[in-house]
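> There's a structure below that I have some questions on.
The values are calculated or read from the model by the stated rules, or taken from the named source; none is laboratory data. Since the structure is predicted, the reported quantities are computational estimates derived from the model, not experimental observations. Glycine also receives a Cβ, built like all others from the backbone with ideal geometry; neighbour counts cover every protein chain displayed.
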Amino acid sequence: MKITIHRGVGQIGGNIVEVAANDQKTKIILDCGRNLPPLDDPNAPEDNIEIKGLTSGISEFDAVFVTHHHADHCGLLGRVNNDIPIYMSGVTNAVLGVVADFIDARPLRGVETVEQGDEIDLRGMRILPIKVNHSAKGALMYLVEADGQRLLYTGDFSDVDEEDFIALGSVSAMLCEGTNVEVLNDDTEDEVLTKTEKIMNETNKTAGEVFVLCSTTNINRIEAIDLACKNSKREMAIDPFMNAILQKVGYEMTCDMRQFLPRGIKRGDKPRMDKYVTYKHIVPARELAATKNLTYMVRQSMGDFLIRLGGEKSGLRFEGKTPSEFQDFRREVTERKPFSESKLVYSIWRGYEKTVYTGNFLKLCRDLGLGVEYLHVSGHVYRKMLGETINRISPKTLIPIHTESAEAFTKLYGNVKLLDNGETWSIE
């Protein structure tokens, strides 16, 4: 069995990995991700990587297998030749469908859904999906068997269940993510829950508001915020996009919930989106603004940070694109009510603080007296557990990917193979 990493070495994201049987009769692609755009340039030029037989020319691949719905692992699926089937979990397919509807993008075609326990046989090459925990619900690893060899491709993960370790058996090579290979951190979602609940209880005493900035598709984080709201007797306010994602992944809120319509979403603008906007369940802005002990979910979307505060019109929107928009937002918020007793829970990667969007947003929060609390746990496994995972699987060869610190793997394991993008290596 031969491995070619077309992209993913020496960087975070953009994974595209080719796996071929020695006789070349069966070839697959593991993930088809786009490069992450520069932090301050969400409108960066299109990722124009071309792979013969995958994105152009006569198809040479039997299938593409996707680990999860983050764009750095699936963002180029729309460019895959139409006759190549695409495999992913049912949850991944559902989430990508919602996203496509909301941004009016072309839906994926040729998708086959797989779950743990399924086995795909492509002319003698066997592919086994294995469920993992990650900030994207429905994430999978893949175990590929061919030519008497077994390759484990981790995709992105935070941990793997003990039973799944036992079921793996011997592994010839492990293609392993290392986003946090140099990060020492033992925080968990339970700690996010505990700390958030404390913040909410303290804010309840002053009748302040709580805003939570997190990814709409990070269900583990939303669950923690949900339980914190329930335990502190707060309601949660969400928008139709978040509501649609929750329905598609099958998560039911345990706290009381209100749905509000952000300014800018109007019936008829995007007909495919209208089916998710249940207007009869939308709370009027005036009613939302008058509600006490309410937690607002503030989501990251298309490079803009949107904060919806109710108000007598139809909500307030901050994009931070221009100074004039920034000042208009500041004036509207200041006229509405002071925020000195309110809190913002910042629960995304802190690297976003370096962007103009997030930097301006956080400055505004602080200028208004809104306290900012940082509570975040990465969806990527940290160094200690990463080392434990690798040693428990004990592959004959370990190959780093999805990391800017590949050399750090040599301190975790004995036999590490460092590949370059475009280099082909045969499993021995």
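> Could you tell me how many of the residues in the range 93-122 are within 30 Å of Gly268 (Cα to Cα) and not in a strand (DSSP E or B)?
So the answer is 18.
> Can you pull out the residues in the range 136-150 that are part of a strand (DSSP E or B) and charged (D, E, K, R)?
Glu145, Arg150
> Here is a further query. Filter the strands (runs of 3 or more DSSP E) completely within the range 172-243 down to those with at least 3 residues that are outside the structural domain of Gly351 (by TED's automatic domain parsing) and surrounded by 17 or more Cβ atoms within 10 Å (Cβ to Cβ).
The strands (runs of 3 or more DSSP E) meeting that bar are 173-177.
Table: residues versus (1) in contact with an Asp or Glu (Cβ under 9 Å, 6 or more places away or on another chain); (2) more than 22 Å from Glu191 (Cα to Cα).
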| position | (1), (2) |
| --- | --- |
| Ser340 | no, yes |
| Lys343 | yes, no |
| Lys354 | yes, yes |
| Thr358 | no, yes |
| Leu364 | no, yes |
| Val372 | no, no |
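> Can you tell me how many residues within the range 369-428 are in a loop (DSSP other than H, G, I, E, B) and of a type in the set (Phe, Trp, Tyr)?
Number satisfying all stated conditions: 1.
> Also: Output the residue which, of all residues in the range 225-235 that are of a type outside the set (D, E, K, R) and either under 21 Å from the mean Cα position of the chain (by Cα) or at pLDDT below 90 (or both), is farthest from Val345 (Cα to Cα).
My answer is Leu227.
> For the range 151-171, give me each residue that is within 23 Å of Thr92 (Cα to Cα), in a loop (DSSP other than H, G, I, E, B) and hydrophobic (A, V, I, L, M, F, W, C).
Phe157, Val160
> Which of the residues belonging to the range 1-28 are among the basic types (Lys, Arg) and at pLDDT 95 or above?
Of everything in the range 1-28, those that are among the basic types (Lys, Arg) and at pLDDT 95 or above turn out to be Lys2, Arg7, Lys27.
> State the number of residues belonging to the range 14-25 that are in a loop (DSSP other than H, G, I, E, B) and buried (at least 20 other Cβ atoms within 10 Å of the Cβ).
Residues that pass the stated criteria total 3.
> How many residues are over 26 Å from the mean Cα position of the chain (by Cα) and not charged (D, E, K, R) if we restrict to the range 390-411?
Summing the residues that are over 26 Å from the mean Cα position of the chain (by Cα) and not charged (D, E, K, R) in the range 390-411 gives 5.
> Still on this structure, I have one more. If we scan the range 123-135, do we find a residue that is touching a Lys or Arg at 6+ places or on another chain (Cβ under 7 Å), surrounded by fewer than 19 Cβ atoms within 10 Å (Cβ to Cβ) and not in a strand (DSSP E or B)?
So far as the range 123-135 goes, yes, one or more of its residues are touching a Lys or Arg at 6+ places or on another chain (Cβ under 7 Å), surrounded by fewer than 19 Cβ atoms within 10 Å (Cβ to Cβ) and not in a strand (DSSP E or B).
> Using beta carbons and a limit of 8 Å, which pairs, at least six apart or on different chains, have the first residue in the range 406-424 and at positive phi and the second one not in a loop (DSSP other than H, G, I, E, B)?
Hits for this filter: Gly422/Thr4; Gly422/Ile5; Gly422/His6.
Conditions tested, residue by residue: (1) farther than 25 Å from Thr403 by Cβ; (2) touching a Lys or Arg at 6+ places or on another chain (Cβ under 7 Å); (3) in the same structural domain as Ser215 (by TED's automatic domain parsing); (4) touching a residue at least 40 places away in the same chain (Cβ under 8 Å).
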site	(1), (2), (3), (4)
Leu30	no, no, no, yes
Pro45	no, no, no, no
Gly75	no, yes, no, yes
Gly78	yes, yes, no, no
Gly90	yes, no, no, yes
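> Kindly indicate whether Lys137 is within 23 Å of Asn180 (Cβ to Cβ), among the basic types (Lys, Arg) and in contact with a strand residue (DSSP E or B) (Cβ under 9 Å, 6 or more places away or on another chain).
no
> Another question, if that's okay. Give just the number: which of (1) at pLDDT 95 or above; (2) surrounded by fewer than 18 Cβ atoms within 10 Å (Cβ to Cβ); (3) more than 19 Å from the chain's Cα centre (by Cα) does Glu46 not satisfy?
(1)
One line per residue, one yes/no per condition, for (1) aliphatic (A, V, I, L, M); (2) modelled with pLDDT of 80 or more; (3) surrounded by fewer than 21 Cβ atoms within 10 Å (Cβ to Cβ):
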residue: Val333; (1), (2), (3): yes, no, no
residue: Arg336; (1), (2), (3): no, no, yes
residue: Gly359; (1), (2), (3): no, no, yes
residue: Val372; (1), (2), (3): yes, yes, yes
residue: His402; (1), (2), (3): no, yes, no
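> Then there is this: State all residues of the range 268-296 that are closer than 27 Å to Tyr346 by Cβ and modelled with pLDDT under 70; if no residue qualifies, say none.
Selection gives Ala285, Leu288, Ala289, Ala290.
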